[in-house]
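The values are calculated or read from the model by the stated rules, or taken from the named source; none is laboratory data. Because the structure is predicted, anything quoted here is derived from the model rather than measured. Neighbour counts run over all protein chains shown; Cβ positions are idealised from the backbone, glycine included. Ligands, DNA and RNA are stripped out before the accessible areas are found, and what is left, the full protein with its side chains, is counted by its heavy atoms. Shrake-Rupley method; radii C 1.70, N 1.55, O 1.52, S 1.80 Å.
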Amino acid sequence: MEYNFREIEQKWQKYWAENKTYKAEINQKPKFYVLDMFPYPSGAGLHVGHPLGYIASDIFARYKRLCGYNVLHPMGYDSYGLPAEQYAIQTGQHPEVTTKANINRYREQLDKIGFCFDWDREVRTCEPIYYKWTQWAFQKMFNSFFCNKEQKAFPIDILIAHFEKEGSGDWDIAETEHLEFSAAEWNSWDEKKRNDVLMNYRIAFMGETMVNWCPKLGTVLANDEVVDGVSVRGGFPVEQKKMRQWCLRVSAYAQRLLDGLDTIQWSESIKETQKNWIGRSEGTEVLIKVADQDVDFTIFTTRADTMFGVTFFVLAPESELVDKVTTADQRAAVDEYVKYVKGRTERERMIDHTVTGVFSGAYGVNPITGEKCPIYIAEYVLAGYGTGAIMAVPAHDSRDYAFAKHFNLPIIPLIEGADVSEESYDAKEGIVMNSPMAGKSAIDGFTLNGLTIKEAIAATKKFVSEHNLGRVKVNFRLRDAIFSRQRYWGEPFPVYYKNGIPTMIPEECLPIELPEVDKFLPTETGEPPLGNAQVWAWDEENRKVVDKSLVNEKTIFPIELYTMPGFAGSSAYYLRYMDPRNDKALLSEDASAYWQNVDLYVGGSEHATGHLIYSRFWNKFLFDIGVSKKEEPFQKLVNQGMIQGRSNFVYRIKDTNTFVSLGLKDQYDVTPIHVDVNIVKNDVLDIEAFRTWRPEYNNAEFILEDGKYVCGWAVEKMSKSMYNVVNPDLIVETNGADTLRMYEMFLGPVEQSKPWDTKGIDGVYRFLRRFWALFFDANGNFCVSNDAPSAEELKTLHKTIKKVTFDIENFSFNTSISAFMICANELGKCNKRQILEPLVIILSPFAPHITEELWHLLGNSTSVCDATFPTFDEKYLVENFVKYPISFNGKVRFTLELPADMSKEEVEKTALANEQTQKFTNGAAPKKVIVVPGKIVNIVL
RNA sequence: GCGGCUGUGGUGUAAUUGGUAGCCACGUCAGACUUAGGAUCUGAUGCUGCGAGGCGUGGGGGUUCGAGUCCCUUCAGCCGCACCA
């Protein structure tokens, strides 16, 4: 019988669906949770790059199941987002319609590849049953604050009680700005004022912040959605703007986000990326008094040891201090400079690092030496980091150095032997001098001279804290996440404005469903798209959403017009999969206790500073309130590489419709044009297909070489515009899903990026056909014998089991497939059940369809998924087949320890006569004996 | 500038984790069966040399009986952060 993959694959896909073979339920077995990053269903459908990670995780999920685990392996859709909305704006099509159509297409494509997803657990972030819990989590964050001392979130009521009794007191709480007030003050405030103050502490809060405003998209964007000053989606310019927005206090969790990295198995590179993004820096805050004014400010430095080298101070132009310190005669110059800085885009500031700045007229007092130094205002100091003010030490900071040179300010070297005549000495190595300088003194006789930099930093920290001049401070680069978007296609906020106070819609009334609008663009008055919604007001008394024309009535208030950003829905979806239909809770206690967290998470590394930070934050919050059972959501992370496209080119002779083959193109003046890779085979163009591809090529002429038109090629991103998209359906159609699965894995390590090249696919296809043929005789009849296998055959089987087990555990699927191929080569025509049956099981994670068919032909009535993965018993093999090498590629190597005083010859002789050697060699001469003078001998057979 | 990852035949890659470098495939060449081959099967295939041999894991150095693997240094490519004090 021929290997008819079409028939087989259809048959078993239907069987799996009907029998719900992949359904996961809580049971007595140990659990294993394998998760893929769920896709955003775009209009383009899946290309061959998407399934790479899905195939890898599918293999692992199937393997774990065969090993006796209860495997949770779900799939769903991240279905809120910008592209569907942009499309809606252009065409008027409701995003829900296009999203549904795209999801159906994705599902169809995914089904063809034979994944073991439990589709009963599918989630879609745009469905009310799902986003109810996104809204719920937001409300929980709104009603929580973060205690820095305990490093944990607590209900806001605790804080309110504290304010009522003690005012702001001395609690160390994550806050937007530091406030101090008494209990009396708190109790005297009205509700509005108290709410304003509480916003300063809530984990989900409304804040006046600098945001990345993208006018073209008409919305704000999070930091990770902006790269090089332009939006990731669309590449539109982004400007800084102060706006009132919902924010999440992600920064409160910075230390835990950093510490957690040491407890999870993620790649070094992605951990490093997150560490950079969190950007912890330990330093000192020092209070600086402004001379002759009743003003002071705080600077942040990591180089407290350089306090004696301060020759000026710098404030960020956006800092509120600028206004306070500027003297009358410098006012005009400062105003002009601030105006200039405001006019510069983020992008310009990023690229152009020329030195600019202005003197404020004021002087700051160095608290240690009492010396006065000028205060400058300059854009190289950023308002958003530290305190927005620095002490400048030009001798040991290159930026301060450039500024000092430009404005002709003094430079005092503080490190012995450092030459600062040409550039600053930034290294943190050396012995401190000039601290204080000869002939000068500091308060309390403080000196750092003769210390190493490390010692000097510690000494200064101690001195500063003891003398109340400042405090030790840890700063993070990680910013709070801006949580509102001025868009339609996202989760609505469960918030209404009661007399201007943001108020949560009661938990029992959730979800607040996204209202219908007649237009997806902002309103004429500049309101977000939800401003177009007619039924969008909250009736407090009747607890329901009502028409907004009623707003003037007593208990009816407007609802928030912003929607949540893309990462809202994707931040806790892994928890929802554990209990996706529960409408009483995000997930039940049972489900949470059993499934815990994701054991293996597979997805692209492009989410390193977005989704993978947000969901860690989100999970930590849910952990604090007892919903999640583990501090980290994803125990092990594997980042699959990108599949790049391999584009093909044709060369058109300028101003003609004639195309010249690659080898001859240098003789003409040609324009390379992308050509659809699907009409090119092994770089040879299908000329007829090309003519019908697009009307303008109908009567194209060709200059051929050797009768063929050869195309050029290049590796580029796989995208529609480059006509290099290879569709997985096409491969499934021509070679079958099992071949596609194995070929994608055979291409190389999962983590590695590589261009898609269909050239090698035949090798895998041949293997599957050869494997299939083992089960049939010359007449095509199924023919498996019950004869006892030979020792040679058992050896092949066992070493294959050993190798494949080892490789799957290590996520090395390309090498396991090599092992299968070697196995098939060695078995020749072996058709013995005792050999073939275990092989079918260990191949099934890779090629589920063909193995399911063979498994049933072998007489089994249940799915091959319910078989048990054969284990390799090394001891058994050594005892029974010692005359055969046990390592996979036929080598045996072992070490004997012999007395140290033996001669080289004696060692060799003894080694060969050794019982263990004899057992392995079976009398035959070894290929190589490595003798180390002294005692160790290594024998290679 | 700081940090991370990678570098092996014509190509994708492998190496029992310090032990015969190049497994398994693709491609190429030769042969077989064929009217035919973009089907199938068999064999060869790192470079160099007629040959014995020599040379080979980006370059240089080191540790070791032994290095693709460990250490130092250098080059190249990719990625992250970046006027972060």
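Please give every one of the lysines within straight-line cross-link reach of A:Lys149, meaning a C-alpha to C-alpha distance under 25 Å, and leave out same-chain neighbours fewer than 8 residues apart.
A:Lys140, A:Lys165, A:Lys275, A:Lys461, A:Lys462, A:Lys473, A:Lys620, A:Lys629, A:Lys630
Starting from the Cα-Cα distance between A:Thr91 and A:Tyr668, subtract it from 0.36 nm times their residue separation and give me the gain in nm to one decimal.
Additional length available on full extension: 203.4 nm.
Working from Cα positions, state the angle (0 to 90°, nearest 10) between the long axis of helix A:761-773 and the longest principal axis of chain A.
The angle comes out near 40 degrees.
Between the DSSP loop rule and a limit of at most 13 other Cβ atoms within 10 Å, which GluC sites (Glu not before Pro) in the stretch A:1-88 are left?
Of the GluC sites (Glu not before Pro), the ones in loops of the stretch A:1-88 whose Cβ has at most 13 other Cβ atoms within 10 Å are A:Glu2, A:Glu25.
Given the -39500 (n - 2.57) contribution per DSSP H run of 4+ residues, what per-residue ellipticity at 222 nm results for chain A, rounded to the nearest 500 deg cm²/dmol?
Calculated mean residue ellipticity at 222 nm is -10000 deg cm²/dmol.
Using a Cα-Cα cut-off of under 13 Å, which aspartates and glutamates could be cross-linked to A:Lys242, ignoring same-chain neighbours fewer than 8 residues away?
Cα-Cα hits under 13 Å: A:Glu208, A:Glu318.
Distance from a point 7 Å along Cα→Cβ of A:Arg471 to each backbone N in the stretch A:276-318: keep the residues under 16 Å and list them by number.
A:282-288, A:297-301
Taking amide H positions as placed in the peptide plane 1.01 Å from N, state which residues far from A:Lys544 in sequence (5 or more) or on other chains have amide H under 5 Å from it.
A:Asp539
Tabulate in residue order the Karplus-calculated ³J(HN,Hα) for the stretch A:111-119, using 6.51 cos²θ - 1.76 cosθ + 1.60 with θ = phi - 60°, rounded to whole Hz; enter x for Gly and Pro.
Karplus-based 3J(HN,Hα) across the stretch A:111-119 equals 4, 5, 8, x, 7, 9, 6, 8, 5 Hz.
Please work out the Kirkwood hydrodynamic radius for the stretch A:178-336, using every pair of different C-alpha atoms, and report it in angstroms with one decimal place.
20.2 Å
Rounded to the nearest 10 Å², what accessible area does A:Met210 have for a 1.4 Å probe in the complete protein model?
Around 100 Å² of this residue is reachable by solvent.
Tell me whether the stretch A:568-648 comes out rounded, prolate or oblate; compute the Cα gyration tensor, take square roots of the eigenvalues as a ≥ b ≥ c, and use a/c under 1.5 as the rounded threshold.
Taking the square roots of the gyration eigenvalues as a ≥ b ≥ c, the stretch A:568-648 is prolate.
To the nearest 0.05, how large is the calculated FRET efficiency for A:Ile443 and A:Glu272 if R₀ is 41 Å and r is the Cβ-Cβ distance?
The computed FRET efficiency comes out at 0.45.
Output the peptides A:427-435, A:126-134, A:162-170, A:32-40 sorted from most to least packed, where packing is the average of other Cβ atoms within 10 Å over each peptide's residues.
A:32-40, A:126-134, A:427-435, A:162-170
Which stretch or stretches of the stretch A:196-215 have amide N atoms under 18 Å from the point lying 7 Å from A:Lys241's Cα along the Cα→Cβ direction?
Counting backbone N atoms under 18 Å from the label point, the list is A:207-215.
For the stretch A:564-695, report the accessible area per residue in Å² (1.4 Å probe, heavy atoms, rounded to an integer).
On a per-residue basis, 37 Å².
Cα convex hull of the stretch A:96-138: mean projected area in nm², to one decimal?
3.8 nm²
Could you work out the local net charge near A:Leu248, counting Lys and Arg as +1, Asp and Glu as -1, over the other residues with Cβ closer than 10 Å to its Cβ?
+1
Tally Lys and Arg at +1 and Asp and Glu at -1 over the other residues with C-beta under 14 Å from the C-beta of A:Leu622: what net charge comes out?
Net charge in that neighbourhood comes out at +3.
How big is the antiparallel share of DSSP beta bridges in chain A, given as a percent to the nearest 5?
Around 80 percent antiparallel, to the nearest 5.
If you line up the long axis of helix A:848-857 against the longest principal axis of chain A, both from Cα atoms, how many degrees apart are they, to the nearest 10?
30 degrees
Quick one: pull the percent of accessible area on chain A belonging to carbon and sulfur, 1.4 Å probe, ligands and nucleic acids left out.
For chain A, the apolar C and S fraction of the accessible surface comes to 50 percent.
Quick query: amide H of A:Ser231 versus all other amide H atoms, modeled in the peptide plane; which residues come in under 5 Å with a sequence gap of 5 or more or a different chain?
Residues meeting the criterion, in which the H sits 1.01 Å from N, are A:Phe236, A:Val238.
Would you tell me the accessible area of A:Ile556, worked out with a 1.4 angstrom probe on the heavy atoms of the protein chains, in Å² to the nearest 10?
About 10 Å², rounded to the nearest 10.
Straight-line reach from A:Lys681: which lysines fall under 28 Å, measuring Cα to Cα and dropping same-chain residues less than 8 apart?
A:Lys112, A:Lys654, A:Lys665, A:Lys708, A:Lys717, A:Lys720, A:Lys754, A:Lys759
Helix A:128-142: angle to the longest alpha-carbon principal axis of chain A, degrees 0 to 90, nearest 10?
That works out to roughly 40 degrees.
Rounded to the nearest 0.05, what FRET efficiency do A:Asp590 and A:Ile625 give with R0 = 25 Å and r taken as the Cβ-Cβ distance? Could you check?
0.90
Given a Förster distance of 56 angstrom, what is the FRET efficiency for A:Asp228 paired with A:Gln28, based on the Cβ-Cβ distance and rounded to 0.05?
0.55
Enumerate the amide H contacts of A:Asn212 below 5 Å, restricted to partners 5 or more residues apart or on another chain; note that Pro and chain-start residues carry no placed amide H.
So A:Asn212 has HN proximity to A:Leu221.
Once the piece of chain linking A:Glu166 and A:Ser182 is laid out straight, how much longer is it, given 0.36 nm per residue of separation minus the C-alpha distance between them?
5.1 nm
In whole Å, what is the distance between the alpha-carbon centres of the stretch A:10-73 and the stretch A:264-340?
When both Cα centres are located, 51 Å separates them.
Quick one: Cα centre-to-centre distance for the stretch A:115-193 and the stretch A:685-735, in angstrom?
Spelled out, the Cα-based centre of one part sits 57 Å from the other.
Can you pull out the trypsin sites (Lys or Arg not before Pro) in the stretch A:580-616 that DSSP calls coil and that have at most 15 other Cβ atoms within 10 Å?
Answer in residue order: A:Arg581, A:Lys584.
Tell me the Kirkwood hydrodynamic radius of chain A in angstroms, computed as one over the mean inverse distance between distinct C-alpha pairs.
33.3 Å
Using a cut-off of 14 Å between beta-carbons, work out the net charge of the residues near A:Pro367 (Lys and Arg +1, Asp and Glu -1, A:Pro367 not included).
-1
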